[in-house]
1. Which ³J(HN,Hα) values in Hz, rounded to whole numbers, follow from the phi angles of segment A:155-166 under the Karplus curve 6.51 cos²θ - 1.76 cosθ + 1.60, where θ = phi - 60° and Gly and Pro get x?
2. Normalising by the residue count of segment A:1-131, find the relative contact order in percent from Cα pairs under 8 Å and 6+ residues apart.
3. Hey, what angle do you get for helix A:13-29 against the long axis of chain A, alpha-carbon based, 0 to 90 degrees rounded to 10?
4. How large is the helix-only mean residue ellipticity at 222 nm for the protein assembly as shown, computed as the sum of -39500 (n - 2.57) over DSSP H runs with n ≥ 4, divided by its residue count, in deg cm²/dmol to the nearest 500?
5. Within chain B, which is the longest segment containing none of the trypsin sites (Lys or Arg not before Pro) that sit in a DSSP loop and have at most 13 other Cβ atoms within 10 Å?
6. Once amide H atoms are placed 1.01 Å from N in the peptide plane, what residues at a sequence separation of 5 or more from B:Ile51, or on another chain, have their amide H within under 5 Å of its amide H?
7. In percent, how large is the relative contact order of segment B:2-75, given Cα pairs closer than 8 Å and 6 or more residues apart?
8. Which residues' amide hydrogens lie under 5 Å from the amide hydrogen of B:Leu72, considering only partners 5 or more residues apart or on another chain, with H built in the peptide plane?
Amino acid sequence: MYLSVIDLGRVSFKEAFWRQIQLHREILEDDACRSHTIILCEHPHTITTGKKVNAENLLDYKFIKDNNVDFVVGINRGGDITYHGPGQLMGYLIFDLRKLNRNLGGFLNKIEDVIIKTITAFNISTYTKSGFRGIWVNEQKIASIGIGVDRWVSLHGFGLNVSTDLSFFDIIKPCGMDIKMTSMKEQLARQVDINLVKEELVRQVCDIFKLESSREHAFV
Amino acid sequence: MASVVLPELGEGIEKATVSYWHFEVGKEVKEGDELVEMATDKAVFNVPSPITGILQEKLVEEGKEVKVGEALAVIE
């Protein structure tokens, strides 16, 4: 199996979502498909929620309105409210779980491993917390995971704070929890090149899922 | 008659919460139709109907948890 890598650069959440839907349909309609896909991108300032919208987790609606922040509700992914923005690396995984023994739990564990090993490669120690979603560093959350699965093909994925402006998380209660978010930049006290993080991430996805990177689709 | 159960979801996932029923009791569902949306802490997914028939009973309300292998609905 191959990993098809699509790097969209900075695009709106809606544009990336549309791309996911197209790929999802292609995989469903093509039994002979030999590749899973990861879409890498950054979004402009955007707030998204899962299916259940808990209004009290949105702390500053006026800020959203005044600063032209995109607001997208009711997405078919796990998780509560979250923020996306420049410097946050989004990884959308369109994976055919029928070819991964329909092992949703194993798939989620591997995604966590990918993120942990990617961040570790930059000399930051991370961990998962029992009972809490996401990837953590020093009791602060550095990456969030939220997956949707439709007919055993996945959608959505994770957001990893590389050099995100963390002040934007103050306008929400991230994931509905009283937590502090962090970034690779904050942990390392220096700028981090998001392209290097992308390269490491793709390496880890290929290694952990035992896939070969599909060069003809890489970073188009 | 068929009982719709929460299928095996792989390592580490033993339960999920019913988040949304796509059909009302008494309505016809076709084999493969997405019957009910389930959620874990990290993922949202649909459980399809195993047969074509009438949704006779929803055994679990939205917001309630179900363990893997437990029945969600009855279709006749």
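1. 9, 6, x, 8, x, 10, 6, 8, 9, 4, 6, 5
2. Numbers: 171 pairs, mean separation 33.9, N = 131.
Result for segment A:1-131 is 26 percent.
3. Tilt relative to chain A: about 20 degrees.
4. Values: 5 runs with 61 residues, N = 296.
Helix contribution divided over all residues of the protein assembly as shown: -6500 deg cm²/dmol.
5. Working: sites that count: B:Lys27, B:Lys30, B:Lys64.
The longest uninterrupted stretch comes out as B:31-63.
6. B:Gly32
7. Taking the mean separation of contacting Cα pairs over the length of segment B:2-75, I get 43 percent.
8. Correct list: B:Val4, B:Val5, B:Leu6.
Any read-out appearing in this document is the output of simple, stated calculations on the displayed coordinates, not a laboratory observation. Keep in mind that this is a model prediction, so the values were computed, not measured. Neighbour counts run over all protein chains shown; Cβ positions are idealised from the backbone, glycine included.
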